[in-house]
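Engineer: Quick one: the structure is below, and I'll ask about it shortly.
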Amino acid sequence: MITFYPGPSKVYPEIEHYLSDAFKSGILSVNHRSEPFMKMLKETIEMMKTKLEIPAEYEIYFCSSATECWEIIAQSLVETKSLHVFNGAFGEKWMEYTQKIKPASNGLFFDLNVLPEISDIIADQDCDVICLTHNETSNGTALPDFFFENLRKQTQKVITVDATSSMAGVTFPWASADVWYASVQKCFGLPAGLSVVVVSPKAVQQAEKIGERDHYNSLLFVRDNFLKYQTPYTPNALGIYLAGRVMDQVEILSEISVQIKERAKSWYQFLSESGFDVLVENEEVRSDTVIAVSGEKQEIASIKKAAKENGILLGNGYGSWKETSFRIANFPAITLDEINQLKVFLKTYSETPG
Ligand SMILES: *Cc1c(COP(=O)(O)O)cnc(C)c1O
């Protein structure tokens with residue numbers, strides 16, 4: 001089965017080999033405060049910083065999931081309230097999780113086909129942290145680079161970004177936000193159970209000002225450990241090892257990003273030429289890594305079923321678009337050959353009467 005599911009998604013085929021290497025290397029049985037583990041962690045972080053072109057002054061920590069990052073930010077970076085700017089299910093869930101920890105936090109909803117108004121965001125003067133979703137996996141929208149750059153120019157507040165379904169797929173304006181995080185089972189082409197948290201000096205300062213150290217995953221406690229190339233709890237050493245191997249294998253992000261953007265452009269063109277409706281009409285806010293196609297409930301069910309019979313797994317719709325859309329992951333681990341197979345299937349499907 002070829003999978004276009006946007007998470008968990010296709011892992012790089014090399015993972016099979018890396019799994020066996022991990023076993024043979026002995027890294028899976030070593031203590032996480034020992035020299036071999038610390039060396040592996042350090043090399044993985046350095047490789048990731050190089051390949052993802054992360055600014056030198058930003059730090060990387062590994063946690064368990066994007067969901068865990070929602071809680072870490074709420075605990076350790078939000079003093080009293082955060083502002084959640086969202087248009088879909090993941091951004092909304094982040095707000096809901098935060099409100100359980102910091103009840104004063106609130107949301108600013110924007111429509112699928114527009115960009116949020118920066119003036120509305122900065123008008124909220126009492127929030128400590130601005131929370132944005134770079135790529136809303138549920139509906140196939142993304143915020144363009146210039147949006148982050150413009151926002152950064154207009155506010156000194158800490159900006160945190162859920163980049164779960166785009167990090168390692170497309171380039172980011174890293175310096176225009178303070179925390180970027182992602183789980184690895186999407187664009188990284190890795191098995192689930194690990195998240196990457198990229199943190200600016202400004203975010204560290206804010207965490208220090210708040211001084212929250214009440215949890216095993218308090219940002220400052222996580223940081224203290226990572227500065228020594230250790231972790232607060234026994235980590236997913238296999239996940240970290242695999243991340244290091246995949247980061248070593250892949251091209252530099254700016255090159256991957258060009259390919260992913262070309263593939264996305266070609267997908268959008270193909271879909272409109274073949275008579276499919278892209279869920280997001282405004283090209284400026286269309287995602288490069290998750291493409292959502294909308295249709296009648298029965299039509300969507302029928303396409304997904306026919307695809308499956310042809311050995312292709314399409315992503316289900318999500319949230320309010322669960323039954324009226326399907327999603328196509330455009331992640332780096334997916335090959336051009338697989339994309340062509342899906343295009344042939346969709347073309348044939350669209351030309352078949354009835
Ligand atoms: C998948 C996803 C999450 C949740 O990731 P977990 O690893 O399950 O915690 C959060 N945000 C976005 C945008 C996602 O795509």
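Engineer: Report yes if residue 105 is more than 16 Å from the chain's Cα centre (by Cα) and under 30 Å from residue 218 (Cβ atoms), otherwise no. Even if it seems obvious, please write down each step before you answer.
Structural biologist: Working: more than 16 Å from the chain's Cα centre (by Cα): yes; under 30 Å from residue 218 (Cβ atoms): yes.
It is true that residue 105 is more than 16 Å from the chain's Cα centre (by Cα) and under 30 Å from residue 218 (Cβ atoms).
Engineer: Within the stretch 110-160, track down each residue that is hydrophobic (A, V, I, L, M, F, W, C) and without any contact (Cβ under 8 Å) to a residue 24 or more places away in the chain. Give the steps one after another, and end with the answer.
Structural biologist: Taking the stretch 110-160 as the starting set, the residues that turn out to be hydrophobic (A, V, I, L, M, F, W, C) are 110, 112, 114-115, 118, 121-123, 127, 129-132, 142-143, 146-148, 151, 158-159.
Residues satisfying the conditions are 123, 146.
Engineer: Considering only residues of the stretch 20-40 that are surrounded by 13 or more Cβ atoms within 10 Å (Cβ to Cβ) and in contact with a Pro (Cβ under 9 Å, 6 or more places away or on another chain), which is farthest from residue 230 (Cα to Cα)?
Structural biologist: Looking at the filtered set, the residue picked out is 25.
Engineer: Moving on to the next point. Inspect all residues belonging to the stretch 96-116 and state whether any of them is under 20 Å from residue 176 (Cα atoms) and within 15 Å of the ligand (Cβ to nearest atom).
Structural biologist: No, the stretch 96-116 has no match at all.
Engineer: Moving on to the next point. Just checking, does the stretch 168-187 include any residue being within 16 Å of the ligand (Cβ to nearest atom) and among the basic types (Lys, Arg)? Explain how you work it out, then say what you get.
Structural biologist: In the first step, residues of the stretch 168-187 are kept if they are within 16 Å of the ligand (Cβ to nearest atom); the result is 168-170, 172, 177, 179-187.
Those still in the list that are among the basic types (Lys, Arg) too: 186.
So far as the stretch 168-187 goes, yes, one or more of its residues are within 16 Å of the ligand (Cβ to nearest atom) and among the basic types (Lys, Arg).
Engineer: Residues of the stretch 1-51 being aliphatic (A, V, I, L, M), within 16 Å of residue 192 (Cα to Cα) and either over 25 Å from the mean Cα position of the chain (by Cα) or not in a loop (DSSP other than H, G, I, E, B) (or both), which ones?
Structural biologist: Going through the stretch 1-51, the residues aliphatic (A, V, I, L, M) turn out to be 1-2, 11, 15, 19, 22, 27-28, 30, 38, 40-41, 45, 47-48.
Remaining after also requiring within 16 Å of residue 192 (Cα to Cα): 11, 15, 19.
15, 19, listed by residue number.
We did not get these values from a lab; they are worked out from the coordinates using the rules stated. Values in this document were obtained by computation on a predicted structure and should not be read as measured data. Methodologically, a virtual Cβ is constructed for each residue, glycine included, from the backbone with ideal geometry; neighbour enumeration extends over all protein chains shown.
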